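Here's the structure we're looking at; comments come further down.
The values are calculated or read from the model by the stated rules, or taken from the named source; none is laboratory data. Keep in mind it's a predicted model, so treat the numbers as computed, not measured. Neighbour counts run over all protein chains shown; Cβ positions are idealised from the backbone, glycine included.
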Amino acid sequence: MKLLFKQRFFSWFDSYDIYDESGETMFTVEGQLSWGHELHVLDKNGSHIATLKERIFTFLPKFEIYIGEEYVGEIVKEFTFFKPSFSVDFMGWSVDGDFFEWDYEINDGTKTVATVSKELFNWTDTYTIDVNDPADALPALLAVLAIDAVKCSQK
């Protein structure tokens, strides 16, 4: 299952539309005014299904992940000089990426959960998320949102 993750061009806060392979909107992500990033994920019917919250006053960016109202884990950018590294306490997953953080994999042990590629030369952030199991689509999206938010926090 492929998801196209596309940031909206005109938006005061972080806002994204997530499409499936046929171009149908699967999820909408809306930013909320708060200290740090706070993103709310809505399903295609507009119902709130997940939240991503940045913990402020931490040395490195840290994002808590909630599905519904339940805390399910966090993703933290680790201090490294060359290869980007993320500490993932979320579904037993790990993230392995390249130097520019444009292409990376989300893994569960030796199994690849999703492959993420950033499309270059677009006006807004655009990613393709290739998810092996459609049941992992929402958690993989949350991981990609957290990593994108970490990169935005560093700028």
**Asked** List, please: which pairs have Cβ atoms under 7 Å, are six or more places apart or on different chains, and start with a residue in segment 54-72 that is at pLDDT 75 or above and end with one that is in a loop (DSSP other than H, G, I, E, B) and exposed (fewer than 13 other Cβ atoms within 10 Å of the Cβ)?
**Response** Ile56/Trp35
**Which listed residue is modelled with pLDDT under 90, of a type in the set (Gly, Ala, Ser) and part of a strand (DSSP E or B), from Ser87, Ser153** = Ser87
